[in-house]
1. Mind telling me which of 63, 334, 75 comes out most flexible in a GNM of the chain, alpha-carbon contacts under 10 Å?
2. If the viscosity is 1.002 mPa s and the temperature 20 °C, what Stokes-Einstein diffusion coefficient in µm²/s follows for region 56-240 when Rh is the Kirkwood radius over Cα pairs?
3. If every alpha-carbon in region 270-334 counts as one equal scatterer, what log10 I(q)/I(0) does Debye give at q = 0.16, 0.21, 0.27 1/Å?
4. Which residue fluctuates most in the GNM of the chain (Cα springs below 10 Å): 52, 264, 311?
5. Specify the angular offset, from 0 to 90 degrees and rounded to the nearest 10, of the alpha carbon long axis of helix 301-310 from the longest principal axis of the alpha carbons in the chain.
6. In degrees from 0 to 90, rounded to the nearest 10, what is the angle of the helix 8-18 Cα long axis to the longest principal axis of the chain?
7. What residue among 147, 210, 185 shows peak mean-square fluctuation when the chain is described by a Gaussian network model with Cα springs under 10 Å?
8. Just checking my list (1) 33, 22, 20; (2) 38, 29, 18; (3) 50, 21, 18 against semi-axes √(5λ) of the Cα gyration tensor in Å computed from this structure; which label fits?
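A short reminder: the numbers here are calculations on the coordinates, not readings from a lab. In this text the structure is predicted, and so the values were computed from the model without any measurement. Don't worry about glycine lacking a Cβ; one is built from the backbone with ideal geometry, like all the others, and counts go over all protein chains shown.
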């Protein structure tokens with residue numbers, strides 16, 4: 001495949017693996033069931049070590065520099081804590097911040113920092129670390145600095161209290177505190193080793209600390225003083241295996257204990273093996289293909305609507321995704337507040353023809 005070009009077969013393959021598909025920026029195929037995941041049949045006792053055949057490159061452990069999706073954040077999220085957390089119902093819960101309150105004018109927030117949290121080196125986490133993390137997230141050139149630059153004034157008003165003043169009210173701001181790069185770092189360690197060294201061996205307050213990192217392998221060991229309790233699995237290894245067929249081979253040979261984002265054509269075969277168990281769960285990843293309206297044909301709204309009605313999402317989920325999916329009519333997925341189950345965009349080829 002030529003660099004920069006994405007042909008149909010490769011596009012559909014990526015759509016299958018990635019989850020949902022948006023055609024023309026307006027019609028959605030499948031908030032798909034998650035990439036097939038395989039893991040050895042669980043035993044009664046938790047294993048002391050897990051090796052993960054990881055589907056993406058771990059180019060850096062810097063929490064703020066790189067645009068990552070939530071999956072690719074997993075290694076960093078094992079090391080660093082977010083300000084807020086999300087439960088399995090996608091509801092936000094307290095994390096390092098136990099409480100976040102808006103002021104009456106909706107321009108300021110008061111945040112209470114959880115007491116008793118310690119970093120991997122045993123030092124306590126305080127409001128100063130939260131303030132320092134916010135300031136680094138704002139640094140120009142960081143991946144989501146545009147979100148965090150709304151914070152005009154950030155100050156510690158006590159050992160465990162932070163005050164933030166925004167340039168304007170943004171109702172989504174608190175959601176960002178539990179999303180993507182919203183990680184808390186150790187101010188003392190960052191300043192001691194420098195930003196570059198931190199990106200190679202970060203120090204956080206998360207459930208795992210870095211044992212070694214390099215040559216496509218990240219080894220983690222349990223943080224026994226983790227504030228939510230010590231992890232039951234004591235060692236975790238992320239091993240880069242970028243080819244899906246190779247990841248399937250890794251778990252089939254039991255070289256790795258767990259993997260994800262395998263080709264769906266391998267799923268049933270692997271799931272039938274006595275040593276493996278396949279798990280399918282829904283994700284909300286959306287891949288989009290836009291139709292540029294500056295082309296004369298697509299400047300006409302009726303042409304774009306016709307594309308909607310001409311796509312048989314049910315058939316694509318059944319015959320292309322082999323059932324690994326859920327047809328949708330919006331770019332939002334079930335579980336999110338903006339999802340409207342009553343909005344339907346049916347397959348209607350006759351209407352498509354009439355619009356043309």
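1. In the Gaussian network model the winner is 334.
2. The calculation lands on 128 µm²/s.
3. Calculated log10 I(q)/I(0) at the listed q: -0.74, -1.04, -1.22.
4. 311
5. Taking the Cα atoms of the chain, the angle to 301-310 is about 80 degrees.
6. 40 degrees
7. Looking only at 147, 210, 185, the largest GNM fluctuation is found for 147.
8. Calculated semi-axes √(5λ) of the Cα gyration tensor in Å: the matching label is (2).
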